[in-house]
1. Taking region B:5-53, which residues are touching a helix residue (DSSP H, G or I) at 6+ places or on another chain (Cβ under 6 Å) and basic (Lys, Arg)?
2. Exactly one of (1) at pLDDT 80 or above; (2) within 12 Å of another protein chain (Cβ to nearest Cβ) is unmet by B:Ser110. Its number?
3. Under 7 Å by Cβ, and 6 or more places apart or on different chains, what pairs join a residue from region B:1-27 that is under 17 Å from B:Arg68 (Cβ atoms) with one that is outside any helix (DSSP H, G or I) and away from DNA strand D (no atom under 15 Å from the Cβ)?
4. Kindly establish whether B:Arg68 is away from chain A (no Cβ under 14 Å), within 16 Å of DNA strand D (Cβ to nearest atom) and within 23 Å of the chain's Cα centre (by Cα).
5. Within region A:171-180, take every residue that is of a type in the set (A, V, I, L, M, F, W, C) and surrounded by 19 or more Cβ atoms within 10 Å (Cβ to Cβ) and give me the one that is farthest from the other protein chains (Cβ to nearest Cβ).
6. Which members of region A:39-56 meet the condition of being within 10 Å of DNA strand C (Cβ to nearest atom), outside any loop (DSSP other than H, G, I, E, B) and loosely packed, with under 15 Cβ neighbours inside 10 Å?
7. Identify the residue in region A:1-34 that is more than 14 Å from chain B (Cβ to nearest Cβ), small (Gly, Ala, Ser) and surrounded by fewer than 16 Cβ atoms within 10 Å (Cβ to Cβ) and, among all such residues, is nearest to DNA strand D (Cβ to nearest atom).
8. Would you check which residues across region A:147-165 are of a type in the set (A, V, I, L, M, F, W, C) and closer than 20 Å to B:Asp180 by Cβ and list them?
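The values are calculated or read from the model by the stated rules, or taken from the named source; none is laboratory data. What you see is a predicted model; the values in this text were computed from it and never measured. Every residue, glycine as well, gets a Cβ built from its backbone with ideal geometry; the counts of neighbours run over all protein chains shown.
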2 protein chains.
Amino acid sequence: MRAQKLQTEIRREQIAQAALDLIGTHGLQALSIASVAERVGLVPSGIYRHFKSKDDLLSATLNLIGKRLLNNVESVRRETPDALERLRVLLMREIRLLLENQAIPRVVFSESIFSDSVDRKARVRAVITGYFQEVEKIVQEGQRKGRLRADVDPLTVVLMFKGMVLSAMVLWKVTGGSVDLVRQAEAAWELFRAAVSKAP
Amino acid sequence: MRAQKLQTEIRREQIAQAALDLIGTHGLQALSIASVAERVGLVPSGIYRHFKSKDDLLSATLNLIGKRLLNNVESVRRETPDALERLRVLLMREIRLLLENQAIPRVVFSESIFSDSVDRKARVRAVITGYFQEVEKIVQEGQRKGRLRADVDPLTVVLMFKGMVLSAMVLWKVTGGSVDLVRQAEAAWELFRAAVSKAP
DNA sequence: CTCCCATGTGAATCGTGATTCACAATTCAC
DNA sequence: GTGAATTGTGAATCACGATTCACATGGGAG
């Protein structure tokens, strides 16, 4: 059975998405050109019509991730002007994003994707630091407007914030998904809020 | 040049340690039987005198990690009876442990080691949950003795605690080590303490 | 309608890394 | 000191996965 012919732009997106899905379900190790090809209904060599190499494909996948993360922050920023509320919504949305795309933590933590090409290593950094900085901006604004404690380094607040998400993910992975992440996040949020919000 | 003949118990430990080091410096992906062999001064096939397979070796490495993590908690527990102080010391010691053994986060987060054999997957879980539970015990004791807020789920406190370490590690990796982790940890600790300690 | 180019296919190549095996050297019990 | 067991070696073997290539085909421009 021959696969339908598609324009390379469409195929590229389709293939990158397939890779993302596969990483999410089976992990980065298990990601082979063959598996990706099968998922989009192509033959392995067909992938090379659209990507120069596996490395190239991974870069595209990484871009996809970066786009989604930043989308998240941006939309939260649009939804509410209040820093505390922004963070709360962001937390919940992030938990959801990571649950749906388990590939994200895998890629971010994977040292394979991290150490392979110098180029991609730099891009991983760019994606993550970019994301950190966006959150940091929210914190800074909140401090300026007197909504958050101003006597702490914004970066520290960001770390604490990301920490909630990260450790929740670890717990999730380790328990095989038998924790109610949303509930945990809500509980953690209360602690976080107590720590960083401006005492009235 | 022929390698000195050593008893298999000694070799096993030596080899597992070499693997741990290599994972720390070059990542799990780069870990080959050949590289481990070279590091201990053996020839690749020599490894198989002491381990049934690469998988077997990874399991041993994992055990090493588990032992070190638990050691950490235990010694902290012996050093001071105060929950808050225990957590503070544990935080600092953990940062140091992870800095020295970068292999630990790599192994813990790696889905390769995670998804390969069912057996090892279970052991990873055991190691991590075991560790979580130890910290959780400390928190519970602190709550009982009125040192920590008792109106929060201990697990939530643990997650927050681990979160500090995790996100600090991410920052560290991403910035290529150009942050003062200890200083960040201290700052984060202040926030954490504010959130969880019992209001007088 | 037809030609050309982009896209898809299947077979072959190629390197890598784990694993095995027959043989060598070393150690230890006796 | 000698022999068996243990440990180390080097040369295969083996599987797997990425990549290439010559060929097939479909779809759109003219």
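1. B:Arg39
2. (1)
3. Qualifying pairs under 7 Å: B:Ala19/B:Leu31; B:Leu20/B:Asn101; B:Leu22/B:Leu31; B:Ile23/B:Leu31; B:Gly24/B:Asn101; B:Gly24/B:Gln102.
4. The answer is no for B:Arg68.
5. A:Trp172
6. A:Pro44, A:Ser45 - these are the residues of region A:39-56 that are within 10 Å of DNA strand C (Cβ to nearest atom), outside any loop (DSSP other than H, G, I, E, B) and loosely packed, with under 15 Cβ neighbours inside 10 Å.
7. A:Ala34
8. Listed by number, the residues that qualify are A:Val152, A:Leu155, A:Val157, A:Val158, A:Leu159, A:Met160, A:Phe161.
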